[in-house]
Amino acid sequence: MNRTAKALVLALGLSGLVSAAGCHRVSANQRETLARPDMELGAAPELSSGEEHARGYREGASGGGSGKAGGCGCN
């Protein structure tokens with residue numbers, strides 16, 4: 001086996017170990033501890049307009065929420 005093939009095998013083996021180390025089952029009672037409350041939509045009322053803007057941008061239309069826009073971008 002030449003040097004390049006050994007390096008390739010080593011790199012693939014290490015990447016496999018690293019990716020396998022990231023997989024872990026979490027029981028239901030641990031999920032509350034691991035969840036980040038700051039990532040919950042609607043948790044902070046002062047950020048709701050930004051969340052609505054991001055949702056409208058992501059969905060490709062506006063309206064249907066609390067805003068009065070037609071979806072054409074002419075707010």
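Each value in this text was obtained by applying a stated rule to the coordinates, not by laboratory testing. These numbers come from a predicted model, not from an experiment. Cβ placement follows ideal geometry from the backbone for every residue including glycine, while neighbour counts extend to all protein chains displayed.
At a glance:
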read-out: Two-site label geometry, Y57 and R36: point separation in nm, points 7 Å out along Cα→Cβ; value: 1.8 nm
read-out: Sorted peptide list for 4-17, 24-37, 47-60, criterion being average Cβ within 10 angstrom, highest first; value: 47-60, 4-17, 24-37
